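The values are calculated or read from the model by the stated rules, or taken from the named source; none is laboratory data. If you're wondering where the values come from, they're calculated on a predicted model, not measured in any experiment. So basically every Cβ, Gly included, is an ideal-geometry build from the backbone, and we count neighbours across all protein chains shown. The accessibility values were calculated without ligands, DNA or RNA, using every heavy atom of the protein model including side chains. Shrake-Rupley method; radii C 1.70, N 1.55, O 1.52, S 1.80 Å.
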Amino acid sequence: MTGPGTNTYFVGGQKVVIIDPGPADDAHQENIIAALQTLQAAAQAVVITHSHPDHSGGAPALAHRLDVPLLSFGHPLHHNDTLPLDLPPSSFRPHPSLTILHTPGHTPDHLCLWWAEPRLLFAGDLVAGQGTVLIIPPEGDMTAYLDSLRAMLALSPQAILPGHGPVIADAPALLQQYLDHRLQREQQVLDLLAQGYTTATAIAAHIYADRPEALEIATLQVEAHLQKLRKEGRFVS
Ligand SMILES: [Zn+2]
């Protein structure tokens, strides 16, 4: 489900924050070490955007090898915490830093990192440069996910650096597109409920009639919509 693989980002100067060191895969980890050497940079910390193994699997070993802290939401990061960046201060940015933004939905522990001065958002699996983002209950929460998308849209990022796929240049447009898509799907689910469909499986089988191979994942996505509608009192079952 990782498309072309997981993106690992370095942010900083001679010292870098490493975002999402990727899976427990020797080749990926050796690439990180080689890239640090090429850049003649040292690591300052390893941060994971969420606990899925394609983002975090290699993190403990890498943090240990580089002898730097491993940071994630709740351990010890919280919403609006900042990580200082090793960049020269200026009148525009006296304290260059990344701000931690708790963005649950894909997982409860999901965070994005906001670099305010260039308006760049490191978005983990909030959105994807390629492929789709899965919201799979119980860890996936559609209500929280839509709230997180809206919160990131309100920042009006100049670009998004996703966990998978290429950099997203027209960030607000993509965030709006994600919101629109989910709300259209929700309306479709509501319409089918009104027509007498009662289960996630039946609804998904109707929506994905032409893609039987996607049915299992689609059923879980529909279940995420049903949970949101239940929470809002718009579906009772
Ligand atoms: Zn993920």
Q: Return yes or no: is Asp210 open to solvent by 70 Å² or more (accessible area, probe 1.4 Å) and free of Cβ contacts under 8 Å to residues at least 12 places away in the same chain?
A: yes
Q | Sole exception among (1) at pLDDT below 95; (2) surrounded by fewer than 19 Cβ atoms within 10 Å (Cβ to Cβ) for Gln187, by number | A | (1)
Q) Which ones in the stretch 112-144 are under 21 Å from Asp170 (Cα atoms), modelled with pLDDT of 95 or more and within 12 Å of the ligand (Cβ to nearest atom)? A) Ala123, Gly124, Asp125, Leu126, Val127
Q: Return yes or no: is Asp147 within 15 Å of the ligand (Cβ to nearest atom) and in contact (Cβ under 8 Å) with a residue 24 or more places away in the chain?
A: no
Q: Could you list, in sequence order, all residues of the stretch 138-162 that are farther than 19 Å from Leu226 by Cβ and out of contact with any helix residue (DSSP H, G or I) (no Cβ under 8 Å at 6 or more places or on another chain)?
A: Ser148, Ala151, Ala154, Leu155, Leu161, Pro162
Q) Based on what the data block shows, is Leu111 under 30 Å from Glu232 (Cα atoms), in contact with a Leu (Cβ under 7 Å, 6 or more places away or on another chain) and touching a residue at least 60 places away in the same chain (Cβ under 8 Å)? A) yes
Q: Mind listing whichever residues of the stretch 81-98 are open to solvent by less than 30 Å² (accessible area, probe 1.4 Å) and either within 16 Å of the ligand (Cβ to nearest atom) or farther than 17 Å from Leu155 by Cα (or both)?
A: Leu83, Leu85, Pro96
Q. Can you tell me which residue in the stretch 99-111 is nearest to the ligand (Cβ to nearest atom), limited to those that are surrounded by fewer than 20 Cβ atoms within 10 Å (Cβ to Cβ) and in a strand (DSSP E or B)?
A. His102
Q.
Looking at the stretch 168-184 only, could you name the residues that are part of a helix (DSSP H, G or I) and either touching a helix residue (DSSP H, G or I) at 6+ places or on another chain (Cβ under 9 Å) or at pLDDT below 95 (or both)?
A. Ala171, Pro172, Leu175, Gln176, Tyr178, Leu179, Arg182, Leu183
Q.
Report every pair of residues separated by at least 6 positions or lying on different chains whose Cβ atoms are under 6 Å apart, first residue within the stretch 84-99 and under 12 Å from Trp115 (Cα atoms), second assigned to a loop (DSSP other than H, G, I, E, B) and among the aliphatic types (A, V, I, L, M).
A. Pro96/Leu85; Pro96/Leu87; Ser97/Leu85
Q.
Return the residues of the stretch 185-219 that are within 27 Å of the chain's Cα centre (by Cα), within 20 Å of Pro137 (Cα to Cα) and not in a helix (DSSP H, G or I); say none if nothing qualifies.
A. Tyr208
Q | Hits in the stretch 153-191 (condition: within 16 Å of the ligand (Cβ to nearest atom) and either among the hydroxyl-bearing types (Ser, Thr, Tyr) or within 25 Å of Ala218 (Cα to Cα) (or both)) | A | Pro162, Gly163, His164, Gly165, Tyr178
(Q) Being out of contact with any strand residue (DSSP E or B) (no Cβ under 9 Å at 6 or more places or on another chain), loosely packed, with under 15 Cβ neighbours inside 10 Å and in contact (Cβ under 8 Å) with a residue 40 or more places away in the chain narrows it down to one residue among Gly196, Gly131; which is it? (A) Gly131
Q) List, please: which pairs have Cβ atoms under 6 Å, are six or more places apart or on different chains, and start with a residue in the stretch 36-57 that is within 20 Å of Leu85 (Cβ to Cβ) and end with one that is assigned to a helix (DSSP H, G or I)? A) Ala43/Leu66; Val46/Ala59; Val46/Leu62; Val46/Ala63; Ile48/His55; Ile48/Ser56; Ile48/Ala59; Thr49/His55
